[in-house]
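Just so it is clear, none of the values below were taken in a lab; they were calculated from the coordinates. Everything numeric in this text was worked out from a predicted model, so none of it was measured. Ideal geometry is used to build each Cβ from the backbone, glycine not excepted, and the neighbour counts take in all protein chains shown.
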Amino acid sequence: MQRALSVLIFVAMIISLLCVSATAAEGTPINSLQDFLAMDPEGSYYLNADLAITTTYEKDFKGTFDGNGHTVTAAVPLFAEFNGLVRNLTIDGTEIKGDENLAAFAVHTTDGMMAENVVNKVDITVTGMGADTTSGIAAGGILADSDSLSMSYFRKCINYGNITVETAVMESSAHYATYVGGIAGRVGGVEAKYCENYGIITGVGDRSHVGGILGRAVYQAMFVTCDIADCTNAGEIKSGYDAGGIAGNIGVSGNDIYIPYTLTYCVNTADITGGYRVGGFVGYCYASAANTTYYIEIRHSVSIGNIMVGRAGDSFGSLFIGYSNSVNNKIIGCLAVGEIIPLPGYQEPYRVIMGCSSAKTPGMTLTDNYMFDNNTTEWYSYATSDANADQRIKIETAISEGKVTRCTLEELSSGAILNKLNAAADKPVFKQTIGTDPYPTIDLALREQRLAAEPPLDKVTEEETTTEKPKETETTKKDETTTAPKGDETTTAA
């Protein structure tokens, strides 16, 4: 009898906790589409039931929208303009389709948005181009596009939808392009943590920037940052131009933020196809050979997937990063498994650790990196211009200098590389079940611990989003060298 009473008390406690959690959201409840469309753009709201959304909220929403664990079945983007906070929401449905910028949650943000624990399951398909042809086309699972000065935050956001831009934008201007990402198509400044993509991400055309998490980030020199951590891509990436497992294209000339673009504890497990600059982690990052103020650091990350690359002109394929150009770039403690495969019918690509133009690549910090590439990587770095021929460095040189170690499948499966990767990280970042897992990957249990230690994502203060420019003792030298191959929107010949 006493045992039965204890069980009843325990059940009652669980029910009580469930009831509390179900009503823990703050603000005004949303019970219908009419309630949703009538929201005050400055208010705080939460879903009190699952909803079907057939009409987009057109005002500039700056408040808080809490999904409260509910699901919205969407036939259109939920918000046209979103500059607030969204959390605890699942978006379901079949497909959102049109000839303009599209995303399941928000089409655009001007000031930057915050999204936490938002899941998209809807396919996104852009079939044409809207009236404003000067801005290109953007599509993403959570966000399509943003203003260049904005700073957006994504935490524990997941995309399951296939995202496709069928429009082949082919003009030469930087703004005539397509931007496609599992989480966001194009962002100014961005912090993306604990985000995942499982959908196939596709951008057609020879000006497409496509990535598993982000298509394009930091696209104007406005002192904005890009920080990607603990993110995973498991969806195939297809692009006519730049393609990366995590990000397609990061950075721009003159973005003197004095801190690097960073990618840490990330995983790609999908094949990647692109026309121009294709990388297991990042397709292209604008970094400067002459200026120390912007570059990229990739640390303690894993890419498992083949790289398919080729087009009529020069192209670069890498298991790490397709193209960048700074002696300050860093790749530390990473693992890459896959082959670099030329696409048939096109000019033979340069198969590299990193393509470059004029950076003194021997001075880059590349340490404790391991790859199994079936001997398909030919170059450590490669510059197409004869004026920069000393940057055409064979992969054997990088291997002999310890910048990267070419390992065997036996070494990968035995745990030997696992131990070396964890030693390089000074902590057990990587995990592998010997005899079952063919290679190490990021320890997801430790990732969950890092996530649990994060404070709730809420309104970020002005101080936290402003990057201070340090005092300079001398005038910083402006770029005098090119940082990308011929035909890029930012530079001249490599």
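Based only on Cα atoms, what mean projected area does the convex hull of region 290-444 have, in nm²?
Working: hull surface 39.1 nm².
Answer in nm², one decimal: 9.8.
In whole Å, what three semi-axes, largest first, describe the equivalent ellipsoid of region 36-136 built from its Cα gyration tensor (square root of 5 times each eigenvalue)?
Values: eigenvalues 94, 54, 25 Å².
For region 36-136, the ellipsoid semi-axes come out as 22, 16, 11 Å.
How would you classify region 233-297 from its alpha-carbon gyration tensor, with a ≥ b ≥ c the square roots of the eigenvalues: rounded for a/c under 1.5, else prolate if a/b is greater than b/c, otherwise oblate? Spell out each step's value before the answer.
Numbers: a/c = 3.44, a/b = 1.73, b/c = 1.99.
Verdict is oblate for region 233-297.
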(request) Calculate, in whole percent, how much of the Cα-Cα pair population of region 188-259 lies beyond 16 Å. (result) 49 percent
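Pop the C-beta distance of Thr127 and Ser400 into the FRET formula with R0 = 35 Å and round what comes out to the nearest 0.05. Show your work: numbers first, answer last.
Values: r = 51 Å, r/R0 = 1.45.
FRET efficiency, Thr127 to Ser400: 0.10.
Expressed in nm to one decimal, what extension gain is obtained for the pair Leu409 and Asn31 from 0.36 nm per residue of sequence separation less their Cα-Cα distance?
That works out to 130.5 nm of additional length.
Between Ala425 and Lys360, what FRET efficiency follows from the Cβ-Cβ distance if R0 is 22 Å, with the result rounded to 0.05? Walk me through the numbers on the way to the answer.
Numbers: r = 27 Å, r/R0 = 1.23.
Once the sixth-power term is evaluated, E becomes 0.20.
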(message) Relative contact order of region 249-369, please, whole-number percent, based on alpha carbon pairs below 8 angstrom and at least 6 residues apart.
(response) 27 percent
(message) Taking every pair of distinct Cα atoms and averaging 1/r, then inverting, what Kirkwood hydrodynamic radius in Å comes out for region 87-164?
(response) 12.7 Å
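Any chance you could list the semi-axes, whole Å, largest first, of the equivalent ellipsoid that the Cα gyration tensor gives for region 305-367, using √(5λ)? Write down the numbers at each step before the final one.
On the way: eigenvalues 102, 46, 7 Å².
Calculated on Cα positions only, the semi-axes equal 23, 15, 6 Å.
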